[in-house]
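The values are calculated or read from the model by the stated rules, or taken from the named source; none is laboratory data. Note that the structure is a prediction, hence the values are computed from the model and not measured. Cβ: placed from backbone, ideal geometry, glycine included. Neighbour counts: every protein chain shown.
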Amino acid sequence: MLEFCLIDTAIGPVGLAWSEHGLVRLQLPGPDRAATVDLLTGRADAVAAEPPVWLNETVERLRRYFEGEPIDLSASPLDLDGVPAFHRRLYLEMLKLGWGETVTYGELAERVGAPGTAQAVGQAMGRNPVAVIVPCHRVLASGNKMGGFSAPGGTQTKRKLLEMEGVSIGAPRGQTAFAF
């Protein structure tokens, strides 16, 4: 049975679901608390619970992250059982991306030894069960373009997360403005 909770953050209630091995799901806020729970649990047999002690540090780090503090979430305990092997390789590689660091779908494919699979990378991003912790919002389309985002709010949410991290979308990397 899946256990879950909602944590209050600066962007609204964020849902967390876990197994005895780690987090299995993170849900960004939906239109309201009930919608967030529905998006988090889906059709799974789930019960609301207090986060276990081993999850407390991640909860605190997430709260600070959503307040705009440059937090590293990569040490959060994750349970990726049941995640396809290719997706798992991508997710583990994304854990290496730091605050405000971006990569393209194609570059990420190359990093995991699968050049030419940018479309498959995009599909894996859409199935990322622990968005933000596995920072799929930091993966962009070629030319520093937004690409997709399957969380509530879609690309607007992705843009807000990236802007919070100081990333400007559309400008060449390293260039956020022209000095005219």
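Every residue, every condition in (1) out of contact with any helix residue (DSSP H, G or I) (no Cβ under 9 Å at 6 or more places or on another chain); (2) among the small types (Gly, Ala, Ser); (3) touching a residue at least 24 places away in the same chain (Cβ under 8 Å), yes or no:
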| residue | (1), (2), (3) |
| --- | --- |
| Phe4 | no, no, yes |
| Thr9 | no, no, yes |
| Ala17 | no, yes, yes |
| Pro31 | yes, no, yes |
| Ala34 | yes, yes, no |
| Trp54 | yes, no, no |
| Leu97 | no, no, yes |
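Of the listed requirements (1) surrounded by fewer than 17 Cβ atoms within 10 Å (Cβ to Cβ); (2) more than 17 Å from Val134 (Cα to Cα); (3) touching a Phe, Trp or Tyr at 6+ places or on another chain (Cβ under 8 Å), Thr41 misses just one: (1).
Mind checking which residues of region 43-63 are out of contact with any Leu (no Cβ under 7 Å at 6 or more places or on another chain), closer than 21 Å to Ser76 by Cβ and assigned to a loop (DSSP other than H, G, I, E, B)? Ala49, Glu50, Pro52 - these are the residues of region 43-63 that are out of contact with any Leu (no Cβ under 7 Å at 6 or more places or on another chain), closer than 21 Å to Ser76 by Cβ and assigned to a loop (DSSP other than H, G, I, E, B).
Kindly indicate which of Thr102, Thr117 is in contact with a strand residue (DSSP E or B) (Cβ under 6 Å, 6 or more places away or on another chain), hydroxyl-bearing (Ser, Thr, Tyr) and not assigned by TED's automatic domain parsing to the domain that holds Leu23. Result of the check over Thr102, Thr117: Thr102. Here Thr157, Thr176 are screened, and the one residue that is modelled with pLDDT of 90 or more and among the β-branched types (Val, Ile, Thr) is Thr157. Of all the listed residues (Pro152, Pro135), the sole one being surrounded by 15 or more Cβ atoms within 10 Å (Cβ to Cβ) and modelled with pLDDT under 95 is Pro152.
Residues in region 112-147 that are in a helix (DSSP H, G or I), more than 29 Å from Ile11 (Cβ to Cβ) and either touching an Asp or Glu at 6+ places or on another chain (Cβ under 8 Å) or of a type in the set (S, T, N, Q) (or both): Gln119 only. Of the residues Met125, Met94, the single one that is within 15 Å of the chain's Cα centre (by Cα), at pLDDT 95 or above and surrounded by 16 or more Cβ atoms within 10 Å (Cβ to Cβ) is Met94.
Kindly indicate whether Glu107 is in a helix (DSSP H, G or I), acidic (Asp, Glu), over 19 Å from Thr36 (Cβ atoms) and assigned by TED's automatic domain parsing to the domain that holds Gly15. Here the answer is no, as Glu107 does not meet what is asked.
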